[in-house]
Structure formats: structure tokens, C-alpha cells
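One structure is given here, and the rest of the page talks about it.
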Amino acid sequence: MISILLFFLNRYNTILNQKELDIFVSNQMKIVEDELENQKKQALSLALVFSKNQDIVKNLDDNNSKELKKELLKLLEIIKAYTNQDIDVQIHTKNLEVFTRSWEDKDFGENLTSFREGLVKVKSSNKPFVSNELGKRFNVKAIAPIYDKNNEFLGSIEIIIDFKDFIYRLKNLGISSMILLEKDFLNIATSYKENKHIEEFVLLQNSFDKFNKELIKEVLNSDKLFIEQDSKIYSKIPLGNFGNKNAGVLVVCFEKFVKNFVYLPNYNYHGEFNLNDSERKYNNINKEIIIK
């Protein structure tokens, strides 16, 4: 009788511990998904604000790519100064051709229709769109339409945020992670042709202090929600979509025995926003920034 009771007690404890672990892992993965969603919302907010900037609209309407780029660089300099965040911006014509880029001066006039699904969607729907999108790079892309004073479609603006800030924030929350891209897409994402390969993927970003390549392969090929290994939990989230196929995957790892974990946003403070200093330094574009 005692043996039977001990057997059922042990079985009950095992089931209880597994349910507790399942809940913990689900909560951790929800944190990861929320952080990813927050990055998308941030990019989309910037795209919407930039799309209403009258200097950007006018220069696009006047076909003045050089002046438009100067305006973009001024705005990005302010964002960098007060948020310490690197952002890239691309402007497209109404025919979905490259009009100007903040990070380089090439490929102007290149038509992006064939491999940029987000651009096609924005033009056809006349609505902003944000996703983990594949292009020559794989990152967060937020796209907003640009209209002239007659509400005619002029083109679109694209805010591009790299995954490195997202990876860094997860690391601050005790979650190691890596971004991997399906190597089948290297013909599009040409920036990563020299990156390290893991299984059928290429490694784009990584915050693991060290990792077992064979274990990462096991995680990538597993159908399980998560894998336990040496007091650590490994899991994954699909990223992006191209031609009805996942373009990449996010692999995460965190300690199994984290107790009483409290999730609080981690905002970096970069000093006071001094309007007088800003006016002296950016007098000609100060009117474009409104804080309420």
C-alpha cells in the first residue's frame, strides 16, 4: 500500500513539475515575442512620422534625391544622438524603385518588386506594413506610403532596424539568442554570403557566450516546444515569410531555474533633452521634431 502511494505521489509530482516548467517556458517565450513586437511598433511609428515630413514629401515629388538624403541624415543624426540607436531609411518611387538610401549611394532606380513583398503590399493596400522582411538584408522593415498634397501616391518610406538591438535587449533579460536565415535565400540576402553556416541556415546575429553547434542543430530540427540541456532551456520562433516559407528562425536559451522573475522594460537614459542646445545644433530642422 505504501509503495503504491509513493508511486502515485511521485507521478503526481512529476506531472506538476512538468506543468510548472511548461508555464515558465511559455512566459519566457511571451517575453521574447513581446520584445520583437515592440521593435516592430517602434519602426512603424517612425515610418508613419517620416512619411508626413513635408521636406521628404516635397523632395520626392520634385525628384530631388540628394536633398532628400540630406534631410534624412539630419533626422537620423538626432535620433542617434538621443536614443543611441542606428536606423536605416530607404525611399522608393511610386514604381517601387530605389529613390535614395541613408546608408549608401548605389542601386538607385533598381526595381524591388520581384523580391520585396512588403513594398508591393503597401502600394496595393495604401496602408502601412511592418514585418521581419527579407531583402538584401534580413531585419525589421516598416513601410509607410507617401502622398502629395492632392493625396496622390508618390512612393513609400521604409524604416529598417537591425536585429542587434533586439538581441541585446534579450541578453539584458537573461535570454541568449541567435538569428538564423535559411541559406536558400542567400540569392536574395546577398549581404550574408560569407556568414557562418549552421545546418541549413546562416548565422546573422548571436549573443550566446558559447554554444554547442550540434545542440543548435537538434533545436532547429526538433518538433518539440523546447529542449532541456544542463539546466538550460532551448526553444525557437520562426521569423519572416517569403513565398509562403519561413525565411529565418530565432533560437533562444535561458536558465531553467529562474525564480521570481519580474519583467521590467530596460530603457537606456542618454541625458536630458535640452531644447536650447538642440536649437543651436539643429536650428534648420528643429521645427520637424514635436514632443507632446
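The values are calculated or read from the model by the stated rules, or taken from the named source; none is laboratory data. Bear in mind the structure is a predicted one, so any value in this text is a computation, not a measurement. Cβ: placed from backbone, ideal geometry, glycine included. Neighbour counts: every protein chain shown. Just so you know, the surface numbers come from the protein's heavy atoms only, side chains and all, with ligands and any DNA or RNA stripped out. Shrake-Rupley method; radii C 1.70, N 1.55, O 1.52, S 1.80 Å.
Looking only at the range 80-110, count how many residues are farther than 17 Å from Ala142 by Cα and under 22 Å from the mean Cα position of the chain (by Cα). Residues that pass the stated criteria total 6.
The residue that is least open to solvent (accessible area, probe 1.4 Å), counting only those in the range 142-156 that are more than 20 Å from the chain's Cα centre (by Cα) and among the hydrophobic types (A, V, I, L, M, F, W, C), is Ile146.
Screening the candidates Asn139, Asn95 for the property of being over 18 Å from Glu67 (Cβ atoms), open to solvent by 30 Å² or more (accessible area, probe 1.4 Å) and in contact (Cβ under 8 Å) with a residue 12 or more places away in the chain yields one hit, Asn95. Within the range 203-222, the set of residues being hydrophobic (A, V, I, L, M, F, W, C) and in a loop (DSSP other than H, G, I, E, B) comprises Phe208, Phe211.
If I go through the range 221-253 residue by residue, how many of them are without any contact (Cβ under 8 Å) to a residue 60 or more places away in the chain, open to solvent by 30 Å² or more (accessible area, probe 1.4 Å) and of a type in the set (A, V, I, L, M, F, W, C)? Summing the residues that are without any contact (Cβ under 8 Å) to a residue 60 or more places away in the chain, open to solvent by 30 Å² or more (accessible area, probe 1.4 Å) and of a type in the set (A, V, I, L, M, F, W, C) in the range 221-253 gives 0.
When residues in the range 99-126 are screened for being within 25 Å of Asn244 (Cα to Cα) and not acidic (Asp, Glu), 15 of them pass. Scanning the range 150-202 for residues that are among the hydroxyl-bearing types (Ser, Thr, Tyr) and in a strand (DSSP E or B) returns Ser156, Ser176, Ser177. In the range 51-67, of all residues being open to solvent by less than 50 Å² (accessible area, probe 1.4 Å) and closer than 19 Å to Ala142 by Cα, the one that is nearest to the chain's Cα centre (by Cα) corresponds to Ser51.
Listed here are the residues, each with its yes/no results for (1) touching a Leu at 6+ places or on another chain (Cβ under 7 Å); (2) basic (Lys, Arg).
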| site | (1), (2) |
| --- | --- |
| Asp165 | no, no |
| Arg169 | no, yes |
| Leu173 | no, no |
| Ile179 | yes, no |
| His197 | no, no |
| Glu200 | no, no |
| Glu214 | no, no |
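Contact annotation: residue pairs with Cβ atoms under 9 Å, 6 or more positions apart or on different chains, pairing a residue in the range 31-45 that is touching a residue at least 60 places away in the same chain (Cβ under 8 Å) with a partner that is in a helix (DSSP H, G or I) and of a type outside the set (A, V, I, L, M), are Glu35/Phe166; Glu35/Arg169; Leu36/Phe166; Gln39/Asp165; Gln39/Phe166; Gln39/Arg169. When we screen Phe129, Phe115 for residues that are open to solvent by less than 50 Å² (accessible area, probe 1.4 Å) and either of a type in the set (Phe, Trp, Tyr) or without any contact (Cβ under 8 Å) to a residue 24 or more places away in the chain (or both), the only hit is Phe115.
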